[in-house]
Structure formats: structure tokens, C-alpha cells
Protein chains: 2
Amino acid sequence: MKTLTIQENIFKALSDKGRLRVVKMLQKKPLCVCEITEILKLATSTVSNHLSILCDAGLVIGEKDGKWMNYRINTEPKNNLISSALLYLQFILEDDETITNDRRIISSVDRNVLCCK
Amino acid sequence: MKTLTIQENIFKALSDKGRLRVVKMLQKKPLCVCEITEILKLATSTVSNHLSILCDAGLVIGEKDGKWMNYRINTEPKNNLISSALLYLQFILEDDETITNDRRIISSVDRNVLCCK
DNA sequence: TTTTCATTTCGATTTTTAACGAAATATAAT
DNA sequence: ATTATATTTCGTTAAAAATCGAAATGAAAA
């Protein structure tokens, strides 16, 4: 059976506060796991899992970029349910305190400094 | 603190398959708890809880109607995030098997027959 | 006013989801 | 080749959500 899968996945993917923050960050620029980890203050494995959920929902795309994985908003969604959801996500939460703060941080950090320990 | 509340509630509210089905049913006509219970095949208390979550999210309105509570889609949302979410919900899942079947049932049942035991 | 009945609230249980650290993987740098 | 490091996978634990039945509520019907 298993109907409703696509939409269910989209809403489920967005029902987590952290994942919503990730989407709103990626709207500004692609990010790697360690950058997102630094901002969300979660374990790397947790962030990686969140990203795979967003990818499964079709909202986000992950691409290898040298040492890193670059995650970005899916710009060519197969499904118009996904593209309309992404459109909706573009204009919500723009003035939210957490979102604007997250974006301020990502615009000022250097991946090479942030990720190397 | 507690930012992201409104949107979080909307997505959380829609992240449950049963609640999504309720919204899609209410798009066709207002329904009482026992009608929805009959279709979702869940306990009355569970359905009542789902409805309160949808109401809290601002997607649905509950109104006393004689013996019953009528639940309907919120037609005058205060928030444009809610109204745009409701707009989005109008055109998704229209050809989904579960949704069309739910709607077929609600259009053919009589509340007075269905609810009196 | 007593009964009936639709709905809600409550308490408990089960299921699902989030989170973590450790280990595995894979790739770039040395 | 070996080391370093970014990410993923795995196993476990903790937190949140869904579900139920029973009891409470409240309004309509008798």
C-alpha cells in the first residue's frame, strides 16, 4: 500500500525545527555537514541524518565537492509538489530571529577554518 | 524564546498522515468527530486530539452545531502563512487513492445514521 | 430533571523520532 | 602508502508523539 508517501515525506521533513533551519540556510548558499553542525550545535551524525531526510523528501541535493559534501536546495525537482513546497519555503520565516541569525553566521564563516580541528 | 512556533506547528500538524487526510476531507465539507472517526478507523479520542492539533495550527476551525462539533477549514486565517499553506493543500494529493476514497465515503454517508449507536 | 449521546480530557502504553558516540567509509593530503 | 579528516552508518538511549479505553463534560432530548 503506502500511499501519501511524497507529501508525507515533505511535511515530515519540515516538521523538525533543525531541518527547517537547514533549508532556510541552504536558501542562502550551499553548505557542508560540518558548517551546518557548527550552527545547529548537534552531533555530526545527527546533522548527516537530517540532511538525508531532506534529500529523501526531494528538497535538498547532496554533491561531492573535494573533501566535503555540498548540500544545496534542489533546483530541478521532478515533482511539482516539491517545487511548490520550496517556493512556499522561500517566503516564510524570512524575519524569524533564529533564521536571520543562522544566516548571519553562515555568511561570515570560512569552511576551512570552521571544519579543521 | 520559542521561535519558529507558527510554521513548526503547521508542518508538524501536516506531518501526520491521518491529519492530512482530515484536511483533505474538510476541503470537501465540514465534518463532525464521529464521521471522521468512522473513516480513519481510529478511536474517537485520537481523532479529537488530531482535530485539536489542526485547530492549534490555525488550519481548521471547530464550531458547535447542535449535538455535534462541526470542523471545517479555516476560511479567514489571521496569518498569511496559514492561508498560503491552505492554498498549497488545495492542489496537492487531489488524485491520491486514499484521499479520493475518503471523499467518496464522506459524500455518501449520513451523519445521523453514522453517529447514532 | 433525568437520560442520552457526542466530544473532550486523562492516564497509561506503544510506537516513532531525535540524538549521541563509536566504528566504518571514503577521499584528500602528506 | 600512510595519515588526516569529512561524512555516513550502526547500535543504543532518551524524548516525543500516537493510540487506546475509561472517565469527565456538556448540551440536547425525553
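The values are calculated or read from the model by the stated rules, or taken from the named source; none is laboratory data. Since this is a predicted model, take the numbers as computed values, not measurements. Please note: Cβ atoms are built from the backbone with ideal geometry, for glycine as well, and neighbour counts cover all protein chains shown. Side chains included, ligands, DNA and RNA excluded: accessible areas come from the protein's heavy atoms. Shrake-Rupley method; radii C 1.70, N 1.55, O 1.52, S 1.80 Å.
Figures for the structure shown
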| read-out | value |
| --- | --- |
| 5 angstrom amide H check on B:TRP68, placed H, neighbours 5+ away | none |
| Highest average packing first - B:91-98, B:49-56, Cβ atoms within 10 Å | B:49-56, B:91-98 |
| Whole-Hz ³J(HN,Hα) from phi, Karplus 6.51 cos²θ - 1.76 cosθ + 1.60, for the range A:58-74, glycine and proline x | x, 7, 10, 10, x, 9, 5, 9, x, 5, 10, 9, 9, 9, 9, 4, 5 |
| Among the listed pairs A:LYS12/B:LYS28; A:LYS24/B:LYS12; A:LYS17/A:LYS41; B:LYS29/B:LYS67; A:LYS12/A:LYS67; A:LYS28/A:LYS78, those beyond 20 Å (Cα-Cα) | A:LYS12/B:LYS28; A:LYS12/A:LYS67; A:LYS28/A:LYS78 |
| Average other protein chain Cβ within 10 Å of Cβ, residues A:75-81 | 1 |
| Note, ³J(HN,Hα) from phi for the range B:8-17, Karplus 6.51, -1.76, 1.60, rounded to Hz, x at Gly and Pro | 4, 4, 4, 5, 4, 4, 8, 7, 9, 4 |
| Chains B and A together, accessible area buried on both sides, 1.4 angstrom probe, square angstrom | 2300 Å² |
| Residue-by-residue Karplus 3J(HN,Hα) for the range A:36-52, coefficients 6.51, -1.76, 1.60, Hz, glycine and proline x | 5, 4, 4, 7, 6, 6, 10, 5, 4, 5, 5, 5, 4, 5, 4, 5, 5 |
| Shielding score for A:88-95, defined as the mean number of other chain Cβ atoms within 10 Å | 3 |
| Euclidean distance of C-alpha centroids, the range B:1-74 and the range A:33-91, integer Å | 30 Å |
| Accessible-area composition of the protein assembly as shown, carbon plus sulfur, in percent [1.4 Å probe] | 52 percent |
| Peptide-level mean, for B:15-24, of C-beta atoms on other protein chains within 10 Å | 3 |
| C-alpha long axis of helix B:97-108 to longest principal axis of chain B, angle in ° | 50 degrees |
| Whole-number accessible area per residue in Å² for the protein assembly as shown, which is evaluated in the context of all protein chains at 1.4 Å | 51 Å² |
| Of all chain B residues, the one whose C-beta is nearest the axis that brings B onto A, in angstrom | B:SER15, 2 |
| Mean separation of Cα contacts under 8 Å (6+ apart) over length of the range A:51-109, as relative contact order % | 20 percent |
| Rounded, prolate or oblate (a/c below 1.5 giving rounded, otherwise prolate when a/b exceeds b/c) for the range B:19-101 by Cα gyration tensor | oblate |
| Dipole in debye (nearest 20) - chain B, about Cα centre, beta carbon charges: Lys, Arg +1; Asp, Glu -1 | 240 debye |
| Helix-only [θ]222 nm of chain B, DSSP H runs n ≥ 4, -39500 (n - 2.57) each, per residue, nearest 500 | -17500 deg cm²/dmol |
